[in-house]
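**Q** Below is a structure I'd like to ask you about.
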Amino acid sequence: MKLVLLIIGVYILYRFVFGFVFPVISATKQMKRKMQEFHQQQEGVFSKHTTNTASTANKNYRAPSDDYLEFEEVK
């Protein structure tokens with residue numbers, strides 16, 4: 001009788017480990033990997049965007065010219 005219960009217990013433990021624990025571990029690893037890929041992709045887009053924005057800002061910059069007009073304060 002004890003042997004039958006032991007075999008049933010081992011079987012239930014086996015089903016739990018290979019049916020639940022290992023899939024959860026593999027899904028967690030896969031999710032971490034996907035999150036890292038997404039994070040790296042977003043960093044690439046962000047750095048590309050900031051580089052383009054900085055270069056556009058430099059292109060639109062004009063040095064102050066001698067055409068500066070002083071305005072008098074109105075009282």
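Read-outs: derived from the displayed coordinates by stated rules, not from any lab. Just so you know, these numbers come straight off a predicted model, no measurement behind them. Cβ: placed from backbone, ideal geometry, glycine included. Neighbour counts: every protein chain shown.
**Q** Counting pairs of Cα atoms in the stretch 1-48, how many percent are more than 18 Å apart?
**A** Taking all Cα-Cα pairs of the stretch 1-48, the fraction more than 18 Å apart is 58 percent.
**Q** Taking the Cβ-Cβ separation of residue 6 and residue 26 as r and a Förster radius of 25 Å, what is the calculated FRET efficiency to the nearest 0.05? Each step should come with its number before you reach the end.
**A** Working: r = 29 Å, r/R0 = 1.15.
Efficiency, from the Cβ-Cβ distance: 0.30.
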